[in-house]
Amino acid sequence: MDKTDVRRSKRLSQVLRHQPGSVGIELDPHGWIDLPTLLDALAAHGSPMTRDDVDRVVRGNDKQRFEIDAVLDRIRARQGHTVEVDLGLAPAEPPAVLFHGTPRTNVESILASGLDRRQRHHVHLSPDRETAERVGARRGDFVVFRVDAARMRAEGLIFWRTDNDVWLTDAVPAGYLALDL
Ligand code: HQG
C-alpha cells in the first residue's frame with residue numbers, strides 16, 4: 001500500500017472508529033455507514049476519496065481493519081472502536097495461550113493491575129507472538145506478555161474473535177499474565 005493509501009486508511013480508521021462526528025456522520029448501532037454518505041461526508045470535510053480508493057484500501061489493508069457489505073453498500077471498522085458500537089460478535093473459544101505486546105514502560109503497571117481496555121471497548125490480544133511484537137513495536141521498545149487464555153476460559157471469562165483474528169476480552173487480571181521472555 002503506498003503512502004497516500006496509508007493516509008486514507010488512517011483517515012477511515014479515525015472516522016469509522018473514533019470520530020464519525022468530525023465529518024458530520026453517525027454510525028448505525030453496529031458501526032455501519034452507507035458508502036455514498038461516507039464519501040460525500042469525506043469530500044465535504046477536505047478528504048475526498050473515490051469509491052475505488054476505498055475498495056483498494058479495504059482490500060489491501062495489512063490487518064483487514066475494515067469490511068464492506070456489498071449488498072447494502074456500507075462499510076465499518078471490524079474492531080478498535082472508541083465510539084459505542086455493538087459488533088455483534090459471538091463468544092468464541094480462544095487458543096490456550098494468547099499474546100499481548102506493549103511498551104516496556106507499561107510493565108510494572110500491568111503486572112500490578114492486569115490489562116485493562118483503556119480507551120477501547122476491549123483488551124486486544126494476538127493469536128501469535130509475531131503479531132503481538134508488531135503491536136508492541138508501534139510505540140518503540142516493547143515486551144510481550146503471555147495470557148493464560150485456557151485458565152481464563154475455565155474460570156468463566158469470555159473471549160470474542162473478530163473476523164481479522166484479533167481476540168477480545170473485557171480485562172486480563174494480572175494472575176493470568178506472564179512476561180514472555
Ligand atoms: C496498555 C492496533 C499500563 C496496553 C494494534 C496498550 C492492536 C496498560 C495500551 C490494537 C494497562 C492501550 C490494539 C495497565 C493496558 N497499565 N498500561 N494496567 N492495561 N495497558 O492502542 O492493545 O492498527 O488501546 O498494553 O495493532 O496496543 O488500530 O491497545 O499498550 O491490534 O488496527 O494500554 O490496535 O490495531 O493501547 O492495540 P491501545 P493495543 P490498529
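In the set LEU87, LEU98, LEU157, which member is without any contact (Cβ under 8 Å) to a residue 24 or more places away in the chain and of a type in the set (A, V, I, L, M)?
Every option except LEU157 fails the conditions.
Quick one: ARG65 ticks every box in (1) assigned by TED's automatic domain parsing to the domain that holds HIS30; (2) surrounded by fewer than 15 Cβ atoms within 10 Å (Cβ to Cβ); (3) within 8 Å of the ligand (Cβ to nearest atom) bar one, so which box is it?
(2)
Considering only the stretch 74-112, state which residues are away from the ligand (no atom under 16 Å from the Cβ) and either among the polar types (S, T, N, Q) or crowded, with 20+ Cβ neighbours inside 10 Å (or both).
Matches in the stretch 74-112: ARG74 only.
From the residues in the stretch 17-63 that are assigned to a loop (DSSP other than H, G, I, E, B) and of a type in the set (Ser, Thr, Tyr), which one is nearest to LYS3 (Cα to Cα)?
It comes out as SER47.
Can you name the condition, by its number, that ALA41 falls short on among (1) farther than 18 Å from ASN61 by Cα; (2) touching a residue at least 60 places away in the same chain (Cβ under 8 Å)?
The single condition ALA41 does not satisfy is (2).
Might you check whether a residue that is within 19 Å of ASN164 (Cα to Cα) and of a type in the set (Asp, Glu) occurs anywhere in the stretch 44-55?
Yes.
The values are calculated or read from the model by the stated rules, or taken from the named source; none is laboratory data. Just so it is clear, the model here is predicted, and its values are computed rather than measured. Cβ atoms come from the backbone with ideal geometry, glycine included; neighbour counts cover every protein chain shown.
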